[in-house]
Amino acid sequence: MDVRVNAEAPQSPQHVEIRREDYRPYPWKVPNTRLKFTLGLGKTRVQAILDVEPNAAAESSDVLCLNGDELTPLGVWVDGSPLDSWLMDGDDLLIPLTPGKHEVGIDTEFSPAANTKLMGLYASNGMLCTQCEAEGFRRITFFPDRPDVLSRYRVRMEADKAKFPILLTNGNPIESGEGADGIHWAEWEDPFPKPCYLFALVAGDLKANRDSFTTMSGRKVELGIWVREADLPKTSHAMESLKRAMRWDEEVYGREYDLDLFNIVAVSDFNMGAMENKGLNIFNSAYILADPDTATDGDFDNIARVVAHEYFHNWSGDRVTCRDWFQLSLKEGFTVFRDQSFGADIGSPAVKRIDDVRTLRMIQFQEDSGPLAHPVRPDSYIEISNFYTATIYNKGAELIRMMKTVLGEKKFRAGTDLYFERHDGEAATCDDFVKALEDASGVDLTHLKLWYSQAGTPHVTARLEQTGGKAVLHLRQSVAATPGQPVKKPMAIPLKTALIGEESGAEIASERLILLEESEATVEFDNISEPALLSINRGFSAPIVLDVDRKPDDLEKLAASDTDPFARYEAMQELMLRWLISTAKGETVDPQPVIRAVGDTLRSNQLDSAFKAEVILPPSESMVGDRMDVIDPAAIHAAREQLRSVIGRDLSSELANAQRGGGQPGHDVSAEAKGARRLRTVALGLLAAGDPANGAKLAKAQFGAADNMTDRQGAMMVLASLEAPQRKEALDAFYARYEDDPLVIDKWFGVQAAAQRPDTVDQVVALAEHPKFNPANPNRLRSIAISFGMNQWAFHDESGRGYRFLADLILKADKLNPQVAARLVPPFGRWQRFEPKRAALMRTELERILSTPGLSKDLYEQVSKSLV
Ligand code: PHE
Ligand code: ZN
């Protein structure tokens, strides 16, 4: 059948901006959707039957507009009869319909094997799987591909039994059978209405790690984690994490699982971390597979975090979904907050908070201060895939955390209960969420809502003035302009604050919550009996940049005595940051306060190893750069190396102790054993900075003796930045040992791209030619591109070759997978922050990308916005 085009419709411009204020409800409801898949790698056929009826809540329409993407209808039926009067409007299918109920049928066909975008239905390692969020379902069949159209799905899958013995989709299996010629089929039904972005299907030769979970009301749920047979032994940590998450959500949020079945499938080609499809989560295998020989402690933690995150979405995402994609943080910010709280509860809350804040600062703060800055609830986008950002996820989580801080535990829980009850089965908005919290608690949260709409990280300055028994805290806030928001209003900033006695080291004014709402405020503390030190934004109660008027001496005391562990960490970071910034600017500063504080931390009997490791790790080069007006990567690198080497030399015996310490075997994953390993590698890095030759020896010994990936990769990481014969020996040995394990080979690439060496650019250029480098596999592409883009010193090599390399790689990736390519752009977005020579080189590369013909809209949006 030939394709007809709607001649009247204006030629749709290639890159249209979608605006939040243009939201209108869809004119039709789709109560039921029946899909029949005839599955094959090279060709898959989909027959869809939709029950449609007018949506009383919307303006009526006499056409049914269904989204498509690279699809052609093979046939269209209305109420059982073939229809000829359909039209194509760009990628969309328009079907004229009289008012009333109808049954609409559409046939399509496409090639999963040719789908390199990994959106819709695609092939990975001989299996078939789907990814539909945000707008991938339209690559499977024509459909109202928007989150506010909820439908009940019944799905029939038919495939060659030998090639695809396992057939899975959402909900519960109803019937199955075998046909002629080795074909088998299965029919499933999902009783919960869902938007199409939560649809999932998997067909392949998979084996399950099976278990079960009994819910709080006594229902038994069958659990399955599906992988290739050889990977089965690596699924037990994911299974344990899943059961813990299921229990936690019952205990902490009162949320019970609702189907008889919960399946997870691991795939090796995946654009993101994982996906919360109803009853059938699909995961990047990196977030499922682990054993101590191949995965680090960090990998184990990430698996627990992501498994919990996707499971938690069953309520915050699936049962209550988003009205439109501008509300993405409704499910993502809340769910990240939930997974962070879970992580704090199953591990060390202080270390978890430090970790989460580090991610926020390294990624979200950079985003918020650059050309791609956008509010937690954006007002417009060109390509929604570009908005799966640290702002939506991590700043969104901070916003939920602030609401909880203001409400307190009990009222917050009453609020989330009301939210789930009120909006169950609906597509809701961020405003609905806040309203539920307000209604349940009786507390007005209007002042916090500005965090949804105003982009940019607030800067707060704080100064404590003390006279007699009284202390006065002076606060002042400002928010810098961001794209489209030149003038900012003051934000509501909850600051947990206490005063610490300079001599006693005790809390002389106990913690209180100060809410800074105006541009300036003063707060008084009475009955202050001794000189006081200001401990503010404790626990990182607000996601802000804080500038406190404090002397290095004060910071040193706070680093040793603050009663809030996070504030203690902050004091140390601030102490190091100030030294690094001054030194990078060419000033000569005494490092002794830093050395003393690091030494005290290492020698402390009270602090655990994991906390020590976080505290003594100097801030990354990009974090230093972020706090400077003009970034000079070489000067920052030199300053940080100088600090690392002084610490390494002056504290060599403390560090050597820490590096030797912790004799637990590598399969011990207790907090204590993990902490000891973390500290071991941090100490090793500092020792090597102080004495590279000895460091190389120690690292090689750690590498050789390691009975776990954490110690092995840690040692290899340290060696990768050194100039020593042991470097190549370790890298070669590692490669030979893990040649056939793709997730471990990703580490091998990543460690080299992250190495701090003058020749890292040459190394990554060579790595991109390595036979195992494959830009079509997102994990492999990112193993070089993300690690290198975050390697400030190497990426910003004076020659500009780092820029050229990454730009070339982005252009190459864009041809295969625009979504993943566009996510590699942010390092370029910071060009205006760099000294003029580098800024010009970066700009040139952005312009070169932009002038390349045939650019995807994903890449177009990120690059054009980066140039503004
Ligand atoms: N919704 C997924 C999550 O955060 C992320 C995702 C987005 C996955 C888009 C795939 C594609 O849990
Ligand atoms: Zn999520």
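Points worth noting:
- Any hit, region 180-200, residues being aliphatic (A, V, I, L, M), more than 16 Å from ligand 2 (Cβ to nearest atom) and assigned to a strand (DSSP E or B): yes
- Within region 209-237, the residues that satisfy the criterion of being under 20 Å from Lys161 (Cβ atoms) and either buried (at least 19 other Cβ atoms within 10 Å of the Cβ) or among the aromatic types (Phe, Trp, Tyr) (or both) are Gly224, Trp226, Val227.
- Qualifying residue in region 257-277 (condition: aliphatic (A, V, I, L, M), more than 30 Å from Asp740 (Cβ to Cβ) and either at pLDDT 95 or above or within 15 Å of ligand 1 (Cβ to nearest atom) (or both)): yes
- Remark: Ala373 matches the filter, which requires a residue to be more than 16 Å from ligand 2 (Cβ to nearest atom) and touching a residue at least 40 places away in the same chain (Cβ under 8 Å).
- Qualifying residue in region 263-271 (condition: outside any loop (DSSP other than H, G, I, E, B) and either within 12 Å of ligand 2 (Cβ to nearest atom) or assigned by TED's automatic domain parsing to the domain that holds Ser151 (or both)): no
- The set of residues in region 296-322 being over 26 Å from Gly750 (Cα atoms) and in contact with a Lys or Arg (Cβ under 9 Å, 6 or more places away or on another chain) consists of Phe312, His313, Asn314, Trp315, Ser316, Gly317, Asp318, Arg319, Val320, Thr321, Cys322.
- Meets criteria (of a type in the set (Lys, Arg) and closer than 30 Å to Trp831 by Cβ) for Arg377: yes
- Residue check for Met362: at pLDDT 95 or above, touching a strand residue (DSSP E or B) at 6+ places or on another chain (Cβ under 6 Å) and at negative phi: no
- No other residue among Leu242, Leu259 is over 16 Å from the mean Cα position of the chain (by Cα) and assigned to a helix (DSSP H, G or I) apart from Leu242.
- Unique residue being buried (at least 18 other Cβ atoms within 10 Å of the Cβ) and either away from ligand 2 (no atom under 16 Å from the Cβ) or assigned by TED's automatic domain parsing to the domain that holds Asn386 (or both) when the list is Leu71, Leu83: Leu71
- Any helices (runs of 4 or more DSSP H) falling wholly within region 295-403 and containing at least 1 residues that are small (Gly, Ala, Ser), assigned by TED's automatic domain parsing to the domain that holds Ala428 and within 15 Å of ligand 1 (Cβ to nearest atom): 328-346
Matching residues to (1) crowded, with 19+ Cβ neighbours inside 10 Å; (2) outside any strand (DSSP E or B):
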position: Trp77; (1), (2): no, no
position: Met88; (1), (2): no, no
position: Leu93; (1), (2): yes, no
position: Gly100; (1), (2): no, yes
position: Val104; (1), (2): yes, no
position: Asp107; (1), (2): no, no
position: Thr116; (1), (2): no, yes
position: Ala123; (1), (2): yes, no
position: Leu128; (1), (2): yes, no
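- Residues that are in contact with a strand residue (DSSP E or B) (Cβ under 6 Å, 6 or more places away or on another chain) and not in a strand (DSSP E or B), drawn from region 501-518: Glu502
- Condition check for Glu517: closer than 24 Å to Arg361 by Cα and assigned by TED's automatic domain parsing to the domain that holds Trp579: no
- Scanning region 481-511 for residues that are in contact (Cβ under 8 Å) with a residue 60 or more places away in the chain and surrounded by fewer than 16 Cβ atoms within 10 Å (Cβ to Cβ) gives Pro483, Gly484.
- Take the conditions (1) farther than 19 Å from Arg20 by Cβ; (2) in a helix (DSSP H, G or I); (3) not aromatic (Phe, Trp, Tyr); Ala480 misses just one of them, which is (2).
- Qualifying residue in region 329-338 (condition: of a type in the set (A, V, I, L, M, F, W, C), surrounded by 22 or more Cβ atoms within 10 Å (Cβ to Cβ) and in contact with a Cys (Cβ under 9 Å, 6 or more places away or on another chain)): yes
- Number of residues in region 663-680 that are touching a residue at least 60 places away in the same chain (Cβ under 8 Å) and assigned to a helix (DSSP H, G or I): the value is 8.
- Test: residue in region 610-623 that is over 27 Å from the mean Cα position of the chain (by Cα) and either part of a helix (DSSP H, G or I) or surrounded by fewer than 23 Cβ atoms within 10 Å (Cβ to Cβ) (or both): no
- Boolean, Asp62 is crowded, with 20+ Cβ neighbours inside 10 Å and outside the structural domain of Pro778 (by TED's automatic domain parsing): no
- For Ala290, the test of being away from ligand 2 (no atom under 16 Å from the Cβ), part of a helix (DSSP H, G or I), of a type in the set (A, V, I, L, M, F, W, C) and touching a Lys or Arg at 6+ places or on another chain (Cβ under 7 Å) is failed.
- In the condition set (1) under 27 Å from Gln606 (Cβ atoms); (2) without any contact (Cβ under 8 Å) to a residue 60 or more places away in the chain; (3) in the same structural domain as Val624 (by TED's automatic domain parsing), Arg538 is compliant with all but (3).
- Just one of the numbered conditions (1) over 18 Å from the mean Cα position of the chain (by Cα); (2) outside any strand (DSSP E or B); (3) more than 16 Å from ligand 2 (Cβ to nearest atom) is not true of Lys278: (3).
- The condition of being over 13 Å from the mean Cα position of the chain (by Cα) and more than 13 Å from ligand 2 (Cβ to nearest atom) holds for only one of Phe312, Phe326, that being Phe326.
- Note on region 853-863: residues that are of a type outside the set (Gly, Ala, Ser) and loosely packed, with under 15 Cβ neighbours inside 10 Å total 1.
- For the condition among the basic types (Lys, Arg) and either surrounded by 24 or more Cβ atoms within 10 Å (Cβ to Cβ) or in contact with a Lys or Arg (Cβ under 9 Å, 6 or more places away or on another chain) (or both), Arg377 qualifies.
The values are calculated or read from the model by the stated rules, or taken from the named source; none is laboratory data. Only a predicted model underlies this, so the values are computations on that prediction, with no experimental measurement involved. Every residue, glycine among them, receives a Cβ derived from its backbone with ideal geometry; neighbour counts consider all protein chains shown.
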